[in-house]
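Down below is the structure, laid out as structure tokens.
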Amino acid sequence: MKNRPTDYTDWLRYGIRNLEEVEHGGEIWKYLGSMEEVLDFSSNANPLGPSRKVLRMLRKSLSLISFLPDSDSSSVKEAIAEYLGRPIKPSNIIVGNGSTELIHLFALTCVDKGEECLIPIPTFGEYEIAVRRVGGKPRFLRLKPSDDFTLKIDEILEDIRLRKTKAVFICNPNNPTGQIVPKRDIIRLLDETLSVNVMVFLDESYIEFSFENSLVSLVEKYPNLFVLRSLTKVFGLMGLRIGYGVASEELVKFMSKAKISWNVNVLAQIAAVAALKDRDYLEKVKRTIKRERKFLFKELQKIKGFRVLPTKANFFLVNIENSGFSAPNLKEQLLKHGILIRDCSSIRGLDSRYIRISVGRHLENRKLLETLRRLRKKHGTN
């Protein structure tokens, strides 16, 4: 009998061997059960959770889990098309097991081995992993902290004129900075990239919180545009994992061929349809976030050593380098008080000087602020 191999890398695809795991927020499961209460400011979730109508529909539908889900998510596509309005049709929509699946599906469909993709950083780390998984090469455009990490379209255009590029990934509003690129700049980017066959992946997962207009209506005019949207963030369905993409009918056809079957479970589809129809609750969530975002921004700025970036999303990026804390240390201290924040040390383009804080309910926000003030006072000027 031959000796068993000990080098498992011999069995692996070359592109997977050195792939690094993305570290995300939302680590709540590490701490549930070990603490009496954990307030999660790390995951960018809607703090109000799902609507009552969604919860009632889920309770009524539990018996349906004995059936295979609709592999095409037809009812969800119809509800999304109604939610977005004309000119979007169900044939412009693809539904995924969370928006993250669609990031990987886009790369699988569009990016060949060796092709370069431009990713402005700091941003959501899953774009890089998706490109690397299919053998593509991520190329990073480092945004300047002195400009509050503002993305300038001219810098992207200059870069793609100099280098051959397959796709540009833009998160709008950007996670973790909360910055938004104006619609006119995105359109300018689309005009120039279309003429040189560069695709634009536009992640609008947090667009509802921004009160800005989406660009989904442009997908037929710009066949190089793919718009990613989330059904988990603003609708409070984080644990059910469902998101969608909007693109030209042709691109959706090809992505659907590459999609795994039955990718979205029965309950996620039912919850999504109910959530999309509950417009009153959506408006309540948006009003709550707008009010609490204003309150939290004002109060965080008062804490000595905290530099809070303005945001169009439901979270804040905070520079704490002059507070006497590092991000890992502050996270550890807050956990002792049952509060979880996002340490941004693992985000490419950031380091241990940065934390991210989601917007919570008012009493939760007050507890966070009071705890931060106490810790800062106790820490003194060190």
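Odds and ends about this structure:
- Boolean, I88 is aliphatic (A, V, I, L, M) and in a helix (DSSP H, G or I): no
- In segment 259-303, the residues that are part of a loop (DSSP other than H, G, I, E, B) and under 25 Å from R241 (Cβ atoms): K259, I260, S261, W262, N263, V264, N265, D278
- All positions within segment 341-355 that are closer than 20 Å to E299 by Cα and surrounded by fewer than 22 Cβ atoms within 10 Å (Cβ to Cβ): R353
- Residue within segment 356-379 that is surrounded by 17 or more Cβ atoms within 10 Å (Cβ to Cβ), charged (D, E, K, R), more than 29 Å from E21 (Cα to Cα) and at pLDDT below 95 present: yes
- Residue pairs whose Cβ atoms lie under 6 Å apart, separated by 6 or more positions or on different chains, with the first residue in segment 306-329 and open to solvent by 50 Å² or more (accessible area, probe 1.4 Å) and the second of a type in the set (V, I, T), are K312/I180.
- Scope segment 327-358; condition assigned to a helix (DSSP H, G or I) and not small (G, A, S); matching residues: P328, N329, L330, K331, E332, Q333, L334, L335, C344
- Test for E292: is it within 22 Å of the chain's Cα centre (by Cα), under 24 Å from L55 (Cα atoms) and at pLDDT 95 or above: no
- Residue in segment 242-255 that is modelled with pLDDT of 95 or more, in contact with an Asp or Glu (Cβ under 8 Å, 6 or more places away or on another chain) and not in a loop (DSSP other than H, G, I, E, B) present: yes
- Which numbered condition E128 misses (of (1) over 27 Å from T100 (Cβ atoms); (2) of a type in the set (D, E); (3) touching a residue at least 60 places away in the same chain (Cβ under 8 Å)): (1)
- Residues within segment 240-289 that are over 29 Å from V359 (Cα atoms) and among the acidic types (D, E), tallied: 2
- The combined condition, being on the phi < 0 side of the Ramachandran plot and more than 14 Å from the chain's Cα centre (by Cα), is fulfilled by R163.
- Within segment 225-269, considering residues that are surrounded by fewer than 21 Cβ atoms within 10 Å (Cβ to Cβ) and hydroxyl-bearing (S, T, Y), the one nearest to I88 (Cα to Cα): S248
- The selection criterion, being under 25 Å from Y354 (Cα atoms) and among the small types (G, A, S), does not hold for S63.
The values are calculated or read from the model by the stated rules, or taken from the named source; none is laboratory data. Predicted model, so just to flag it, every value in this text is computed and none were measured. Please note: Cβ atoms are built from the backbone with ideal geometry, for glycine as well, and neighbour counts cover all protein chains shown. The accessibility values were calculated without ligands, DNA or RNA, using every heavy atom of the protein model including side chains. Shrake-Rupley method; radii C 1.70, N 1.55, O 1.52, S 1.80 Å.
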